[in-house]
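Worksheet for the structure shown next.
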Amino acid sequence: MIDGGALTVTLIHQNGAVNARLDAPQPLSWARMLAGKPAVEAARVAGLVADSCPAAHEAAARAAFGLPPREGEARRMALEALREHVFKFCVAWPRALGREPAPYDPEDDNLDTISRAAFGDGGAPDHIAGFERWMRDRATTAAQAMDHVWRRWDARWGRADLPLWRAGDPMDEIDWSEAEIDGSVAEIGVAARMADAHLMREIEARRGRGVAWRLAARLTDAARLIAALRGEAPLDA
């Protein structure tokens, strides 16, 4: 039993709304929480305490402890990554542009519902002409946000010609704390993983590796995950 002190919950009633403030006097390190636990239990706790991507954290912990993957692990991680993308499309992107978010249910695993929320009834575009048509139609919050960035933002914003780290590249070359490869800053996120997709190459040729390219990477990855979860492509989260 680890004594982390008392957790204080304060309810604040203001302007007809109730908000909660949590105060923890003593933050606990992961090492203290996991010390002395069996490997299976430590991996489970690693997933429970993660504030995002719990399935991925548990899977990483199991791999670090030399444990085999849990049954259905790849599917859980794929759904988790897909939910994160859809949250960006429906909530984070609109809010960043000062717009109303779209309805979003993080527990809804219906792939048709998720696909419509992200791409509309026409499905995901996979080439530049379809992508531009999808943006013009503005059928979803993702399309509206992309259209705004595509038409109104300078293509040079956020542009960086960094080395890309792709799945399968040696991981021992990466300094994860600094996002560096061999001492140089590197692209290690979704855009790096999706950079070879046809649509991503077209966007890069048209506008460079700027904000639009990075946002489109999430859309491309979401389309890939939906196809994989439907059994139409390899399931690799």
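Summed over region 12-47, residues that are modelled with pLDDT of 85 or more and either more than 29 Å from Ala81 (Cα to Cα) or of a type in the set (A, V, I, L, M) (or both) total 8. Filtering region 55-72 to residues that are buried (at least 17 other Cβ atoms within 10 Å of the Cβ) and under 18 Å from Glu107 (Cα atoms) leaves Ala55, Ala56.
Among the residues making up region 188-217, a single one is farther than 18 Å from Ala155 by Cα, surrounded by 14 or more Cβ atoms within 10 Å (Cβ to Cβ) and charged (D, E, K, R): Arg193.
Counting residues that are free of Cβ contacts under 8 Å to residues at least 60 places away in the same chain and of a type outside the set (A, V, I, L, M), which helices (runs of 4 or more DSSP H) fully inside region 46-154 reach at least 3? Output list reads 54-64, 73-87, 111-119, 128-137, 141-152. From Glu107, Glu84, grab the single residue that is exposed (fewer than 15 other Cβ atoms within 10 Å of the Cβ) and assigned by TED's automatic domain parsing to the domain that holds Met200. From the options Glu107, Glu84, the qualifying one is Glu107. Are any of the residues in region 137-146 over 15 Å from Cys90 (Cα atoms) and among the small types (Gly, Ala, Ser)? Checking region 137-146: not a single residue is over 15 Å from Cys90 (Cα atoms) and among the small types (Gly, Ala, Ser). Kindly indicate whether Gly210 is at positive phi and not hydroxyl-bearing (Ser, Thr, Tyr). When the stated conditions are applied, Gly210 does not pass them.
Applying the criterion of being touching a helix residue (DSSP H, G or I) at 6+ places or on another chain (Cβ under 8 Å) and small (Gly, Ala, Ser) to the residues of region 65-95, the residue that is nearest to Ala117 (Cα to Cα) is Ala81. Within region 150-161, is even one residue within 17 Å of Arg218 (Cα to Cα) and either of a type in the set (A, V, I, L, M, F, W, C) or at pLDDT 95 or above (or both)? Among the residues of region 150-161, at least one is within 17 Å of Arg218 (Cα to Cα) and either of a type in the set (A, V, I, L, M, F, W, C) or at pLDDT 95 or above (or both), which makes the answer yes.
Scanning region 87-104 for residues that are surrounded by fewer than 13 Cβ atoms within 10 Å (Cβ to Cβ) and of a type in the set (Gly, Ala, Ser) yields Ala96, Gly98. If you scan region 186-198, which residues turn out to be aliphatic (A, V, I, L, M), more than 10 Å from Trp213 (Cβ to Cβ) and in a helix (DSSP H, G or I)? Within region 186-198, Val190, Ala192 meet the criteria. The numbered conditions (1) within 18 Å of the chain's Cα centre (by Cα); (2) under 16 Å from Gly130 (Cβ atoms) are all true for Leu229 except (2).
The values are calculated or read from the model by the stated rules, or taken from the named source; none is laboratory data. The model shown is predicted, which means the values in this text are computed figures rather than measured ones. Cβ coordinates were reconstructed from backbone atoms using ideal geometry, including for glycine residues, and neighbour counts include every protein chain displayed.
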